[in-house]
Amino acid sequence: MDPREGGAVAVGITLFRPTPEQIARVAERARGAAGPLIAFENGGVSAEAAATLAAAGVRLLSGGANLGIAAALNGLAGAAREIGARHLLLLDQDALPAPGMVETLAAAHARLAADGLAAAVVGPRPLAGPGHKVPGFPAHPGAARRGSLVPVGFLATSGSLVDLAAFAAVGPFRADYFIDGVDLEWCYRAWARGYGCWMEEATGLHHHVGSGTIRGPFGLAMARQPLFRMATYLRNAVYGLRLPHLPVRWKLRQAAYLPVQIGLYWADSGFRPRVLLRLAEALRDGLAGRLGPPRDLPGTLPAPLPATPPPETRP
């Protein structure tokens, strides 16, 4: 199946302080792409790197500062719709898609549509990078498996093929989440609005989450992240407990798991008091609904976030 059937598949890549090797890979991917390639830089792309991308045919978007992953994804989706794309393949700068992955995901979208199922996104099976924890995507109980396609509560954005008509109906990623949990909140919002999120087991993609894995007793494991990332994750997870479109089963699991994650992270830091204090501040911010860019974001503070978050979905 031609993935461009019924409209182009655009590829959208998020960039943040990319290495020269990553820039070279993006440029190479653009030269061999069957459809348009759009990149959104959240900082750290030099004039030389931008010229390399432009020469390869990459359309480079920029917010002028680090706006966060959600704003970058929204920018990519808007640009893809402007050029008439029907689907958008989202990738981060580290992603190395297997040959044929786009075609496999596009064919999965077509199968679901033929069965009368509206899919917001179809993504590959997650594979662990060396020394990294495999992301876990929980099964969605409201839909049945269809061959190699598994209904899941949410997917990682990197590697996901998004239906842009569904994106318009579901609404943008929450820019006030900034980075962590944007995929989870958006996918559950999609399910609540009648659009499914599916994992195609016939293809896979390696994910590199954090700088390694923190391991605890009884097989517990979590990604090792910088402190500002861990704090943002905790803040957004706590805030998510108030959202009506996030399922009760997820909220109960989070309520039990967050204290364990805090303990593992604090132990991994050497029980430093400032780490525990920062995590406590994150929990407080989540309860109070204070979102947006983390106050300890490295480098230049981002510009004000655009617009307001999407309306919360009620079942």
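The values are calculated or read from the model by the stated rules, or taken from the named source; none is laboratory data. Keep in mind it's a predicted model, so treat the numbers as computed, not measured. Here the Cβ is made from the backbone with ideal geometry for all residues, glycine too, and neighbour counts use every protein chain on show.
Side notes on the structure shown:
- Total residues in the range 243-262, condition more than 20 Å from residue 142 (Cβ to Cβ) and in contact (Cβ under 8 Å) with a residue 24 or more places away in the chain: 4
- If the condition is being under 18 Å from residue 138 (Cα atoms) and in contact with a helix residue (DSSP H, G or I) (Cβ under 9 Å, 6 or more places away or on another chain), then the range 204-214 contributes 204, 205.
- Filtered residue count, the range 213-246, keeping only those that are within 14 Å of residue 263 (Cα to Cα) and part of a strand (DSSP E or B): 5
- Residues of the range 67-105 that turn out to be assigned to a loop (DSSP other than H, G, I, E, B), in contact (Cβ under 8 Å) with a residue 24 or more places away in the chain and more than 14 Å from residue 11 (Cβ to Cβ), as a count: 6
- Residue within the range 223-230 that is within 29 Å of residue 101 (Cα to Cα) and either under 17 Å from the mean Cα position of the chain (by Cα) or acidic (Asp, Glu) (or both) present: yes
- Listed conditions (1) in contact (Cβ under 8 Å) with a residue 12 or more places away in the chain; (2) surrounded by fewer than 22 Cβ atoms within 10 Å (Cβ to Cβ); (3) among the charged types (D, E, K, R) are all met by residue 41, apart from (2).
- Here residue 213 meets each of (1) more than 20 Å from residue 104 (Cβ to Cβ); (2) surrounded by fewer than 20 Cβ atoms within 10 Å (Cβ to Cβ); (3) polar (S, T, N, Q); (4) at pLDDT 95 or above with one exception, condition (4).
- Breaking point among (1) assigned to a helix (DSSP H, G or I); (2) over 19 Å from residue 143 (Cα atoms), for residue 186: (2)
- Index of the failed condition, residue 11 passing every other in (1) touching a strand residue (DSSP E or B) at 6+ places or on another chain (Cβ under 7 Å); (2) exposed (fewer than 14 other Cβ atoms within 10 Å of the Cβ): (2)
- Residue within the range 235-252 that is among the polar types (S, T, N, Q) and more than 20 Å from the chain's Cα centre (by Cα) present: no
- Residue 60 being surrounded by fewer than 22 Cβ atoms within 10 Å (Cβ to Cβ), at pLDDT 95 or above and within 30 Å of residue 295 (Cβ to Cβ): yes
Yes/no matrix, rows are residues, columns are (1) β-branched (Val, Ile, Thr); (2) surrounded by fewer than 18 Cβ atoms within 10 Å (Cβ to Cβ); (3) not assigned by TED's automatic domain parsing to the domain that holds residue 29:
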{"residue": "68", "(1), (2), (3)": "no, no, no"}
{"residue": "73", "(1), (2), (3)": "no, no, no"}
{"residue": "76", "(1), (2), (3)": "no, no, no"}
{"residue": "80", "(1), (2), (3)": "no, no, no"}
{"residue": "83", "(1), (2), (3)": "yes, yes, no"}
{"residue": "87", "(1), (2), (3)": "no, no, no"}
{"residue": "90", "(1), (2), (3)": "no, no, no"}
{"residue": "95", "(1), (2), (3)": "no, no, no"}
{"residue": "98", "(1), (2), (3)": "no, yes, no"}
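- Pair list, Cβ under 9 Å, 6 or more apart: the range 276-288 residue closer than 17 Å to residue 264 by Cα and free of Cβ contacts under 8 Å to residues at least 24 places away in the same chain, other residue hydroxyl-bearing (Ser, Thr, Tyr) and surrounded by 15 or more Cβ atoms within 10 Å (Cβ to Cβ): 276/269
- Figure legend. Inter-residue proximity from the range 204-227: first residues at positive phi, second residues surrounded by fewer than 13 Cβ atoms within 10 Å (Cβ to Cβ), beta-carbon distance below 8 Å, spacing 6+ or different chains. Indicated pairs: 212/131.
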